[in-house]
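Trainee: Here it is: the structure, laid out below.
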Amino acid sequence: MGYKIVPLSCSSSNKETVLAKKPVLLFNFLSSQKYTQEFKSLSNTHASAWVKKQVEERSGSITYSAIQKLIGFTGNNLWRINNEINKLINYKKTAPSQVPALTIEVSDVEQLVKSEFDENIFAFTDALSNKNKTLAINLLEEQYKAGLTGSYLMAMIVRQFKILLQIRQALDCGFSSRKIINITKLHPFVVQKGTNQARFFTLNNLKNIFSQLVEIDFLTKTGQADTKMSLNMFIYSL
């Protein structure tokens, strides 16, 4: 299903990669090949510098706040960021004359870039953590009315609880926010939001919830259950 969670070791260093046995064997094999090169995910600092450079190469400029908003919205996906920069630059070229010219602001990013992290998903998990079943049901219904499919919502909800499970494990190990970011490779925005939510759950709570969601995902994808009905029943069962 692609949802396996590898337990986080409390002795993990910032340089360790948490991989299951088979991926480790494949990684070691590929690393030993003559023309192999590893491309690591950029840290937030390096990603910020990369964005600034890309904008300047297109004869524009971008504020620091806009850089952070752009990275936060795109999840540090450089391919997508590159496309969004092109969109933002082209938009600024057609906008009314400004001083300084072609400066990308936070408002531009908020207007033109769709966030990878739906605020409604955070609101939904907030409602679940507070046992506010009525609000959770209403938020779910709003997403359906907005035209989102059950499979998309299921994927987003499972992904969010997978993140919360990772963060809860790290918090239980006593890791700082910086170390959680380094180990999980999640964006600081996601870690900050996730940390606030994870504090309302115990590790066992999240494991049980995640297991239920994966089971629902399996049943709906194999045609054995209806996504909307299953999610509603899941909410009422909490």
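The values are calculated or read from the model by the stated rules, or taken from the named source; none is laboratory data. This structure is a prediction, so every number in the text was calculated from the model and none was measured. Note: ideal-geometry Cβ built from the backbone for every residue, glycine included; neighbour counts use all protein chains shown.
Trainee: I'd like to know if segment 132-139 contains one or more residues that are within 20 Å of the chain's Cα centre (by Cα) and under 29 Å from residue 84 (Cα atoms).
Mentor: yes
Trainee: Separate question: State all residues of segment 46-96 that are among the aromatic types (Phe, Trp, Tyr) and under 16 Å from residue 110 (Cα atoms); if no residue qualifies, say none.
Mentor: Across segment 46-96, the qualifying residues are 64, 73, 91.
Trainee: Okay, moving on. Conditions first: (1) among the β-branched types (Val, Ile, Thr); (2) in contact (Cβ under 8 Å) with a residue 60 or more places away in the chain; (3) surrounded by 20 or more Cβ atoms within 10 Å (Cβ to Cβ). Residue 158 passes all but one, so which condition is the exception?
Mentor: Failed condition: (3).
Trainee: If you don't mind, there's one more thing I want to ask. Please determine whether any residue of segment 165-184 is of a type in the set (Asp, Glu), at pLDDT 85 or above and crowded, with 16+ Cβ neighbours inside 10 Å.
Mentor: no
Trainee: Right, something else. Which one is nearest to residue 137 (Cα to Cα) among residues in segment 203-236 that are in contact with a Phe, Trp or Tyr (Cβ under 9 Å, 6 or more places away or on another chain) and of a type in the set (S, T, N, Q)?
Mentor: 212
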